[in-house]
Structure formats: structure tokens, C-alpha cells
1. Counting helices only, and only those DSSP H runs with n ≥ 4, report the 222 nm mean residue ellipticity of the chain as the sum of -39,500 (n - 2.57) divided by its residues, in deg cm²/dmol to the nearest 500.
2. Using a Gaussian network for the chain with springs between C-alpha atoms less than 10 Å apart, which of these wobbles most: Val57, Val40, Val92?
3. With every protein chain left in place, what is the accessible area per residue of the stretch 1-60 in square angstrom, probe 1.4 Å?
4. First compute the accessible area of the chain with a 1.4 Å probe, then give the percent of it belonging to carbon and sulfur atoms.
5. Whole number please: convex hull volume per residue of the Cα set in the stretch 1-137, in Å³?
6. Determine one quarter of the surface area of the Cα convex hull of the stretch 91-143, which equals its mean projected area, and express it in nm² to one decimal.
7. Less than 28 Å apart at the alpha-carbon level, and either on another chain or at least 8 residues along: which lysines does that give for Lys39?
8. Rg (Å, one decimal) plus Dmax (Å, integer) for the alpha carbons of the stretch 40-87?
Amino acid sequence: MTVLIINGPNLNMLGTREPEIYGALTLPQIEEKVLARLKVAGIEGVSVQSNAEHEIVDTIQSAVLKGVDFIIINPAAFTHTSVAIRDALAAVAIPFIEIHLSNPHSREAFRKHSYFSDLAVGVIAGFGVDSYLMAADAAIKHLAN
Ligand code: CA2
């Protein structure tokens, strides 16, 4: 079983700015925790980050060929803008969880709409790094069923 974790734009800056919103851990530190959680369950995790919408679309398209069973995605700002990434996820029909470190619903009005939530198996937001770990646990359960 393989779980693909996709991190959208600016998440490569985690741990360097705005820790009061996004936490103090860097993305590699978060990835280490999530991949370890999946590994204990016998699941291979692959984590990617991109600031480019087309790269994320390409990654989702190639996930089918790579046999990815489940996707955990933090689309970051593309959550609120990207029909292209939504269409890619709908096209490949790989089940996915949408995650956010912060709770977009408690922030600016433009963050209240997501292009992904209605297609997702579930949405986890507002728990910092634990949003990633909760999603890993949910993915493990989903794949066991
Ligand atoms: O809370 C989340 O995980 C978000 O997806 C993060 C996005 C934001 O646009 C979404 O509304 C909610 C922004 C990611 C920016 O990441 C940074 C990391 C460190 C410093 C500055 C930005």
C-alpha cells in the first residue's frame, strides 16, 4: 500500500515564519513523523511539496501509474483557487483527505471556500502537525477496510 502526501505552495517555509499560525516544525520534520506513522502500519509513504500548480496536477496524474492507493493533501493556498487540482483528483479517483495546519474557517473569509472538501473522504483542519498524523491514522483505517 502506498500513501502520497502532497504539500502545496509555501509549505516549504514551515518552521521559519508565522509559527503562531502554522507551528514551529519544518516540513521535513512533519514528513518524518507522518512517514514513520505510516511505516508502523506497513504502508509506504511518499511526501512531495510544490509551489507550482501544474506540478501538483502532474503528480496527481502520475499517482495512478505509480499505484498510489490514497492521497493526503494540504493544497495550501490552492485550496481556495484551484479548479485544475480539483479536476485532477476527480479524474484519478484516488480517495483523499484534505488537511490544513490552521483552521481556515476561523480566518479570513476567502479561506472559507475549498475546491476539495466535497470530493474528499474527509477534512482535518486546525490541529497543526496533528492534522497530518490524524490523516495518516484515517488513511490507515480506510486502507484496512
Ligand atoms: O492551514 C493550512 O494548512 C493552510 O493550507 C496553509 C495555507 C493557507 O493558504 C490555507 O488557507 C491554510 C498557507 C501555507 C503557507 O505556509 C507558510 C508556512 C510558513 C510561513 C509562511 C507560510
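1. On the way: 5 runs with 57 residues, N = 145.
Per the formula, -12000 deg cm²/dmol.
2. Val40
3. Solvent-accessible surface per residue comes out at 55 Å².
4. Working: 4020 of 7290 Å².
That share works out to 55 percent.
5. Numbers: hull volume 12.5 nm³, N = 137.
Here the figure is 91 Å³ per residue.
6. Details: hull surface 15.7 nm².
Over every viewing direction, the Cα hull of the stretch 91-143 projects on average to 3.9 nm².
7. Lys66, Lys141
8. Both quantities, over Cα of the stretch 40-87: 11.7, 35 Å.
The values are calculated or read from the model by the stated rules, or taken from the named source; none is laboratory data. What you see is a predicted model, and the numbers here were worked out from it, not measured in a lab. Please note: Cβ atoms are built from the backbone with ideal geometry, for glycine as well, and neighbour counts cover all protein chains shown. Just the protein is used for accessible areas: all its heavy atoms, side chains included, with ligands, DNA and RNA removed. Shrake-Rupley method; radii C 1.70, N 1.55, O 1.52, S 1.80 Å.
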